[in-house]
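In what follows, a single structure is set out as C-alpha cells and then discussed.
The values are calculated or read from the model by the stated rules, or taken from the named source; none is laboratory data. Keep in mind that this is a model prediction, so the values were computed, not measured. Cβ: placed from backbone, ideal geometry, glycine included. Neighbour counts: every protein chain shown.
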Amino acid sequence: MGYKRIKLPYSYDALEPHLDKKTIELHYEKHHKSYEENLNNVILKTNIYESFPNIIDLLKNYQKIDNDEIKVAIREFGGGLANHNFYFESLKNEETFDENLEVVKAIEAYWDSMEEFKKEFEKQVKNLFGSGWVWFVKRKNNSLKIIKTFNQDNPWFLGFTPIIGIDLWEHSYYLKYQNKKIDYLNDFWKVVDWEFANKQFLLETNVEDSEDES
Ligand SMILES: [Fe+2]
C-alpha cells in the first residue's frame, strides 16, 4: 500500500544521446525513489492515503489537510513524486511531433509559432533561479501559459493541468551538461512526447479546484 512511482516506461539508455543513461538511472532510482519513500513514511501513519489514493488528487486537495507537518511532506515529497512521474512519462526518443495535433495548433494560435513558444519557454528556464521546474500548462477556460514553480511545487497545486514540464534541478542534467542548462533544454525538446502532451492538453481542467489567476 502507498503511493508508487510509475514504472519507467523505457530503459535507462532509451533517451540517449539526449538524456544520458547514468542521469536517467540516478534520477529514477535514487531521486524519484526517495520522494516515494519519504512520502509514504509520513502519509502511511495517517488515514490520508485512504481518502486520496491518487497522488494528483492529494495534491489538488493539499490545502484541505490541516496538519502543517503533513502538508510540508505532501508539498516536498508528494510534489516530487508526481512531478517525476509526469516528467518520465512525458519523454520518448521518437519523432512524435505532428503539426496536426490539437496541442500544436493551440500553441501556434496563442504564440503565433512554435518558435515563439519555445523562445518564451527558454526565457522562463533562464530566469529560474535555484531548483524548480518550468511548465507549459492549461488553466481554467483552456487558457495556456508557461510558468515556473520552485522546489517541487507543481501545477496541480494551482489548479492547472500540466502539458509539458522540465525538471531544472541540477540532478536532472548536471552530469552531462554541467552549467549548460540551455543545451539541456534544447535536447529535452528532442525527447518531448508530443502525443503525451496532446493527451494532457485534451484533459478537462478541474475548474472546481482552480484558484483564480491574478
Ligand atoms: Fe528531478
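What tally of residues in region 151-189 results from selecting those that are aliphatic (A, V, I, L, M), away from the ligand (no atom under 12 Å from the Cβ) and touching a helix residue (DSSP H, G or I) at 6+ places or on another chain (Cβ under 6 Å)? Working first, answer last.
So in region 151-189, the residues aliphatic (A, V, I, L, M) come out as 158, 163-164, 166, 168, 175, 182, 185.
Add one more test, that the residue is away from the ligand (no atom under 12 Å from the Cβ), and what stays is 158, 163-164, 175, 182, 185.
Checking the rest, the ones that are also touching a helix residue (DSSP H, G or I) at 6+ places or on another chain (Cβ under 6 Å) come to 163-164, 175, 185.
Going through region 151-189 one residue at a time, the tally reaches 4.
Condition check ((1) over 18 Å from residue 202 (Cα atoms); (2) among the β-branched types (Val, Ile, Thr); (3) part of a strand (DSSP E or B)) across all residues:
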position	(1), (2), (3)
105	no, no, no
108	no, no, no
116	yes, no, no
119	yes, no, no
122	yes, no, no
126	yes, no, no
133	yes, no, yes
141	no, no, no
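From the list 57, 112, 98, which one is at pLDDT 95 or above, at positive phi and more than 16 Å from the ligand (Cβ to nearest atom)? Give the derivation first.
Working: 57 fails: at positive phi; 98 fails: at positive phi.
Unique residue meeting the criteria: 112.
One line per residue, one yes/no per condition, for (1) within 16 Å of the ligand (Cβ to nearest atom); (2) within 17 Å of residue 188 (Cβ to Cβ); (3) touching a residue at least 24 places away in the same chain (Cβ under 8 Å); (4) touching a helix residue (DSSP H, G or I) at 6+ places or on another chain (Cβ under 9 Å):
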position: 11; (1), (2), (3), (4): no, no, no, yes
position: 15; (1), (2), (3), (4): yes, yes, yes, yes
position: 19; (1), (2), (3), (4): yes, yes, yes, yes
position: 25; (1), (2), (3), (4): yes, no, no, no
position: 35; (1), (2), (3), (4): yes, no, yes, yes
position: 38; (1), (2), (3), (4): yes, no, yes, yes
position: 41; (1), (2), (3), (4): no, no, no, yes
position: 49; (1), (2), (3), (4): no, no, yes, yes
position: 52; (1), (2), (3), (4): no, no, no, yes
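Scan 117, 129 and give me the residue that is surrounded by 18 or more Cβ atoms within 10 Å (Cβ to Cβ) and hydrophobic (A, V, I, L, M, F, W, C).
Details: 129 fails: surrounded by 18 or more Cβ atoms within 10 Å (Cβ to Cβ).
117 is the lone residue from the list that is surrounded by 18 or more Cβ atoms within 10 Å (Cβ to Cβ) and hydrophobic (A, V, I, L, M, F, W, C).
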